[in-house]
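The values are calculated or read from the model by the stated rules, or taken from the named source; none is laboratory data. Computed from a prediction, not measured in an experiment: that's the story for all the values here. Using ideal geometry, Cβ is built from the backbone for each residue, glycine included, and neighbour counts are taken over all protein chains shown. The protein model used for the area step is the full one, side chains on, heavy atoms only, and it has no ligands, DNA or RNA in it. Shrake-Rupley method; radii C 1.70, N 1.55, O 1.52, S 1.80 Å.
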Amino acid sequence: MRVLTSAVSDMLKVPVVIVNMPGGNGAIAFNSLRNAAPDGHTLMLATSTTQVINPILLSKPPFDPLRDLKPVSGMTKLYQAMIVRPDFPAANVKEFVARAKEKPGKFTFASGTSASRFGAELFANLSSIDMLHVPYKATPNAVTDLAGGVVDMMFADLPVALPMIQSGRVRPLAVGSPKRLTSLPDVPTLTESGVAGYEYSVWSGLYVLPATPNDVVMKLHEAFSQANLSPEVEKFRIAASLEKFDATPVQLAQFQTEDIARWKTLASKLGIKPE
């Protein structure tokens, strides 16, 4: 966002200040936005965690992402890689699925975040296999145990997975993107590997308060969308293993609604209830 907002500031002829407000499952950032005027001068960068996962996993989410926020523009998508321990006896996804079907519930998958778990659960659901989930408090712990052979497989965000893959500590079988990624051109997608319909990303988007006028929303969208195409931003995205998420306000709203419905259906099948 720091790279991107520099271009936006030049276009709109106003300074753009970034204020980091992590914590509270997005509540701290949202409360700051809620107390601002609905004039488009204050925006919130939200992610699929606050916009999709919170309503599914939390019985009392800090805000309603569909009711309390108005979409402005899609920003980025961060995809995951399906990685296995170095000595896992499968050279590709098809072999992994075949072996998993031979031994239902025997193979383990690790997760350090809800996004990591959902990526693997979606794979298992679409492949009709049964695996044992091993939750970790943090992703580094999960990846360390995977490299050490304690668990068999996990879905990890690209910035986490890439160094481990390049060092040979884990093996990639596939990526969860709709097309092959620049950072891993030789690794097939899950769809290519026979898991039809698989696409999953941790995405981000910009939002404002619902009362913000539509003409202001469109002006903001055009500025951020154009800045998102700049060479400087593209260079940073590649270095950070991010993909551009180009979505208008209407497209972002539709994408988010469909994403919530998809994950609610999967959570229901898995017996995952809000806590």
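Within segment 1-55, can you find the residues that are over 29 Å from E275 (Cα atoms), among the basic types (K, R) and assigned to a helix (DSSP H, G or I)?
R2, the sole residue that qualifies.
Of the residues F109, F88, which single one is out of contact with any strand residue (DSSP E or B) (no Cβ under 6 Å at 6 or more places or on another chain) and open to solvent by less than 70 Å² (accessible area, probe 1.4 Å)?
Exactly one of F109, F88 is out of contact with any strand residue (DSSP E or B) (no Cβ under 6 Å at 6 or more places or on another chain) and open to solvent by less than 70 Å² (accessible area, probe 1.4 Å), namely F88.
Can you tell me how many residues within segment 116-148 are buried (at least 19 other Cβ atoms within 10 Å of the Cβ) and among the polar types (S, T, N, Q)?
Looking only at that region, the number is 3.
Show the residue pairs meeting these rules: Cβ distance below 8 Å; 6+ apart or different chains; first residue within segment 114-128 and more than 11 Å from Y198 (Cβ to Cβ); second residue among the β-branched types (V, I, T) and assigned to a helix (DSSP H, G or I).
S114/T49; S114/I53; A115/T49; A115/I53; S116/T139; F118/I53
Pairs needed: first member in segment 244-269, open to solvent by 60 Å² or more (accessible area, probe 1.4 Å); second member anywhere, assigned to a helix (DSSP H, G or I) and small (G, A, S); C-beta distance under 9 Å; at least 6 residues apart or different chains.
Going by the 9 Å Cβ cut-off, the qualifying pairs are D246/S225.
Starting from segment 162-176, keep only residues that are at positive phi, then list their pairs with residues that are crowded, with 19+ Cβ neighbours inside 10 Å and modelled with pLDDT under 95 whose Cβ atoms are within a distance under 6 Å, requiring at least 6 positions of separation or different chains.
none
All but one of (1) under 16 Å from T212 (Cα atoms); (2) touching a residue at least 24 places away in the same chain (Cβ under 8 Å) hold for T49; which doesn't?
(1)
Residue by residue through segment 182-212, note down the ones that are open to solvent by less than 10 Å² (accessible area, probe 1.4 Å), of a type in the set (A, V, I, L, M) and farther than 30 Å from G40 by Cα.
Selection gives L190, V195.
Going by the structure shown, is K70 under 30 Å from M1 (Cα atoms), basic (K, R) and at pLDDT 95 or above?
Here the answer is yes, as K70 does meet what is asked.
Please identify the pairs in which a residue from segment 216-243 that is at positive phi has its Cβ atom under 7 Å from the Cβ atom of a residue that is surrounded by 14 or more Cβ atoms within 10 Å (Cβ to Cβ) and hydroxyl-bearing (S, T, Y), counting only partners at least 6 apart or on another chain.
If the second residue must be surrounded by 14 or more Cβ atoms within 10 Å (Cβ to Cβ) and hydroxyl-bearing (S, T, Y), the pairs left are S241/S183.
I'm trying to understand the selection: among the residues of segment 52-72, which are under 12 Å from A27 (Cα atoms) and under 17 Å from the mean Cα position of the chain (by Cα)?
Within segment 52-72, N54, P65 meet the criteria.
Out of D145, D130, report the one residue that is over 25 Å from G271 (Cα atoms), among the acidic types (D, E), out of contact with any Asp or Glu (no Cβ under 6 Å at 6 or more places or on another chain) and modelled with pLDDT of 95 or more.
Only one candidate passes the filter, namely D145.
Would you confirm, using the coordinates I've provided, whether V151 is open to solvent by 20 Å² or more (accessible area, probe 1.4 Å), over 18 Å from N92 (Cβ atoms) and outside any helix (DSSP H, G or I)?
Judged against the criteria, V151 is not a match.
Return the residues of segment 213-235 that are of a type outside the set (A, V, I, L, M, F, W, C) and open to solvent by less than 60 Å² (accessible area, probe 1.4 Å); say none if nothing qualifies.
The answer is P213, H221, S225, N228, S230.
Residues checked against (1) in a strand (DSSP E or B); (2) touching a Pro at 6+ places or on another chain (Cβ under 7 Å); (3) at pLDDT below 95:
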position	(1), (2), (3)
G194	no, no, no
V202	yes, no, yes
L229	no, no, yes
E232	no, no, yes
A247	no, no, no
F255	no, no, no
